[in-house]
1. Relative contact order for the stretch 3-135: what percent, with Cα pairs under 8 Å and sequence separation of 6 or more?
2. Most mobile of PHE69, PHE42, PHE117 per a Gaussian network model of the chain (Cα springs, under 10 Å)?
3. Cα centroids of the stretch 108-127 and the stretch 1-62: how far apart, whole angstrom?
4. Once label points are set 7 Å from the Cα along Cα→Cβ at both GLU50 and ALA85, what is their separation, rounded to one decimal in nm?
5. Taking a quarter of the surface of the Cα convex hull of the chain, what do you get in nm²?
6. Length gain on complete extension for the stretch ARG114 to TRP8, per 0.36 nm per residue less the alpha carbon to alpha carbon distance?
7. Which values of log₁₀ I(q)/I(0), to two decimal places, follow from the Debye formula for the stretch 12-51 at q = 0.35 Å⁻¹ with a uniform point scatterer at every Cα?
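Coordinate-derived values only; no laboratory data. Keep in mind the model is a prediction, meaning the values are calculated, not measured. Note: ideal-geometry Cβ built from the backbone for every residue, glycine included; neighbour counts use all protein chains shown.
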Amino acid sequence: MSNTAIFWPLIVQTALVYTIYVIMSRRRFASIRSGEAQASDFRVPQIEPEGSSTVVRNLVNQFELPFLFYAVCLALYMVNGVNDATILLAWAFVISRILHSWVHITSNRIRHRRPLFIVGFLINGILWLWLAWKLI
């Protein structure tokens, strides 16, 4: 498998971020149409309407742990640390983030969301350990 295969999970993770932006915008527009909020409320939002609040929080999440994922994937590519296992782990991370986002922006059940976060957290940690091993 080509080293560049590591970029496909990065592309899908980025597509997830764009998807969440679209969902957030749609929910915000829906809150304006329903009268729950006014467009001016989003200039500097102090209180997010209920319909979009979990989406906004999920969007923030996409710039936390996934930031480390982007960095480790790029670093693995640079040090020739990409192999079938790292690509599989990268896809597993992205799938965990997609599922985490789905739970977060739909039911937001912590008992379902937290294990998905932990899976992604552990996978990310394994990728960083692999990078460290490659550097030794």
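1. Numbers: 100 pairs, mean separation 43.4, N = 133.
Once divided by the residue count of the stretch 3-135, the mean separation gives 33 percent.
2. In the Gaussian network model the winner is PHE42.
3. 20
4. About 4.8 nm separates the two model spin labels.
5. Numbers: hull surface 35.7 nm².
Mean projected area for the chain: 8.9 nm², to one decimal.
6. Values: separation 106, 0.36 × 106 = 38.16 nm, distance 2.53 nm.
Contour length minus the Cα-Cα distance gives 35.6 nm.
7. With no solvent term, the Cα-only Debye profile gives -1.15.
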